[in-house]
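Undergrad: Below: one structure in structure tokens.
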Amino acid sequence: MDQDYAQYLLKKTIENYNLTAEDFSRTRRYVWPGFEPLAQYAEPNDKVLDLGCGNGRLLDLLRDKKINYIGVDNSAALITLAQKRYPAADFRIGDALKISFASNYFDKIYSVAVLHHIPSEELRLEFLEEVKRVLRPGGLLILTVWNLWQWRSFKYNLKYITLKILGLSKLDFKDIFVPWAKTRQRYFHCFSQKELKRLVERAGLKVGELGILESAEKKGNNIYIIVQK
């Protein structure tokens, strides 16, 4: 993907989340069912970064863990909502591609539904390299992406693959736009488990677990990966 277009998509993503923050937060007041097992990786006294924290809802899983939590998101509107909802927590506006913390600072980093919004493999690797930089040796990244490379997303994949073949799209293969309330087009990259594993390994991180988060309500909708620095 052309990097000027990738930067444009990054800016549009921030703009979209700022404009839809209230509605987005209303529909995501709680962590999705099936995510509960991810809380096990946070241990007492850990320095934990919630990277792309949105409205801060991950704290509902981690609030009893006695951790040192920091939530970072590039949407000022979502950070404002997070601060109102969890006034005692530390939330900051920040860029996941330029994390404003020292190297080897965090014990654990959670990143829920963020990486699939980052356009181009080049920038996705940059994201993972920044995560690697701020993780301490032996630290863990707990990451999820939407499972969009499947039949339930077929209409989007077919549309944008066809446009790409016809030379009518600036997107990469497996990139799509998904509408939000028919008013905003949100960029996604459709990861497979194999591709996510390969990307993480390219960044020099060690894969521990990889799979699908299952629940009755959100069956097969999310891929998770646990990786170690």
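Undergrad: Tell me the relative contact order for the range 5-109 as a rounded percent, counting alpha carbon contacts under 8 Å between residues six or more apart.
TA: The normalised contact order for the range 5-109 reaches 29 percent.
Undergrad: Report the trypsin sites (Lys or Arg not before Pro) located in the range 9-74 that are in a DSSP loop and have at most 15 other Cβ atoms inside 10 Å of their Cβ, or state none.
TA: Counting only loop positions with at most 15 other Cβ atoms within 10 Å, the trypsin sites (Lys or Arg not before Pro) in the range 9-74 are R28, R29, R63, K66.
Undergrad: So what is the 222 nm mean residue ellipticity for the chain from helices alone, if each DSSP H run of at least 4 adds -39500 (n - 2.57) and you divide by all residues, rounding to the nearest 500 deg cm²/dmol?
TA: Dividing the helical sum by the residues of the chain leaves -9500 deg cm²/dmol.
Undergrad: Another question about this same structure. Between R63 and D90, what FRET efficiency comes out of the Förster formula 1/(1 + (r/R0)^6) with R0 = 22 Å and r the beta carbon distance, rounded to 0.05?
TA: The pair D90/R63 has a calculated efficiency of 0.95.
Undergrad: Can you tally the net charge around T13? Count Lys and Arg as +1, Asp and Glu as -1, for every other residue whose Cβ sits under 14 Å from the Cβ of T13.
TA: Charge balance in the 14 Å sphere: +1.
Undergrad: Something else about it: Springs between alpha-carbon pairs under 10 angstrom, Gaussian network model over the chain: which of D175, D60, D73 fluctuates most?
TA: Greatest mean-square fluctuation among the candidates belongs to D60.
Undergrad: Shifting gears a bit: What order do you get for D46, D2, D172 when you list them from fewest to most C-beta neighbours inside 10 Å?
TA: D2, D172, D46
Undergrad: Return the inverse of the average 1/r over all pairs of distinct C-alpha atoms in the range 1-115, which is the Kirkwood hydrodynamic radius, in Å to one decimal.
TA: With all distinct Cα pairs of the range 1-115 included, I get 14.8 Å.
Undergrad: Another question about this same structure. Arranged by the count of other C-beta atoms within 10 angstrom, fewest first, what order do T162, T13 take?
TA: The fewest-first ordering by Cβ neighbours comes to T162, T13.
Undergrad: Here's another thing I want to ask about it. Please identify which residues in the range 118-139 have an amide N closer than 11 Å to a label point set 7 Å out from the Cα of Y5, following the Cα→Cβ vector.
TA: 120
Undergrad: Let me ask another. On the principal axes of its Cα set, how long, how wide and how thick is the chain? Give whole Å, largest value first.
TA: Its Cα atoms span 53, 38, 37 Å along the three principal axes.
Undergrad: Top mean-square fluctuation among F191, F127, F154, Gaussian network model of the chain, C-alpha springs under 10 Å?
TA: Largest GNM mean-square fluctuation: F154.
Undergrad: Indicate the gyration tensor shape class of the range 105-197 (rounded, prolate or oblate), computed on the Cα atoms with a ≥ b ≥ c the square roots of the eigenvalues: a/c under 1.5 is rounded; otherwise a/b larger than b/c is prolate and the rest oblate.
TA: prolate
Undergrad: With a/c under 1.5 counting as rounded, go ahead and sort the range 114-164 into rounded, prolate or oblate using the C-alpha gyration tensor (a ≥ b ≥ c being the square roots of the eigenvalues; past the cut-off, prolate if a/b is larger than b/c, else oblate).
TA: oblate
Undergrad: Mind checking which of L123, L59, L168 has the largest fluctuation in a GNM of the chain, springs on alpha carbons under 10 Å?
TA: Of L123, L59, L168, the Gaussian network model singles out L168 as fluctuating most.
Read the figures in this text as sums done on the coordinates, not as results from a lab. Quick caveat, the model's predicted, so the values are computed rather than measured. Backbone-built Cβ (ideal geometry, glycine too); neighbour counts: all protein chains shown.
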